[in-house]
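Here is the structure we will look at.
What follows is calculated from the coordinates using simple rules that are stated; it is not laboratory data. Treat the numbers as computed from the prediction; the structure is a model and nothing was measured. Methodologically, a virtual Cβ is constructed for each residue, glycine included, from the backbone with ideal geometry; neighbour enumeration extends over all protein chains shown.
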Amino acid sequence: MPEPLWREVLGQRLRALRRERGDTLADTAGRAGVSPQYLSEIERGRKEPSSEMIAALAGALETDLGGLTEQVAHELRRQRMSVMSEPQRRTGPTVVMLAA
């Protein structure tokens, strides 16, 4: 399993914060000044938002950029440790090729 990407974990965290508040995509997007479609793409990890956009979304969700960043970093560390502790699944012999 590959290591998670920042944008994917950020999107998961933004979606969780939005749902905890009981907001719709339109509610949060309106407060942040973006379209609901764009927010949906961010939440799904499809878009890499600018720092200004992340700050606007954090404000719309009544959190701050530092707190949101800490939450995402914590989740990245947690997921990374989970990936590292999984046993390696091999389906066949490992082949290593060296170029001269």
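Rounded, prolate or oblate, given the Cα gyration tensor of the stretch 9-75, with a/c below 1.5 counting as rounded? Here the stretch 9-75 falls in the rounded category. Remark: spin-label model distance Ala16-Glu62 equals 1.9 nm, labels positioned 7 Å along the Cα→Cβ axis. For the pair Gln37 and Ser51, the difference between a 0.36 nm per residue extended length and the Cα-Cα distance amounts to 3.2 nm.
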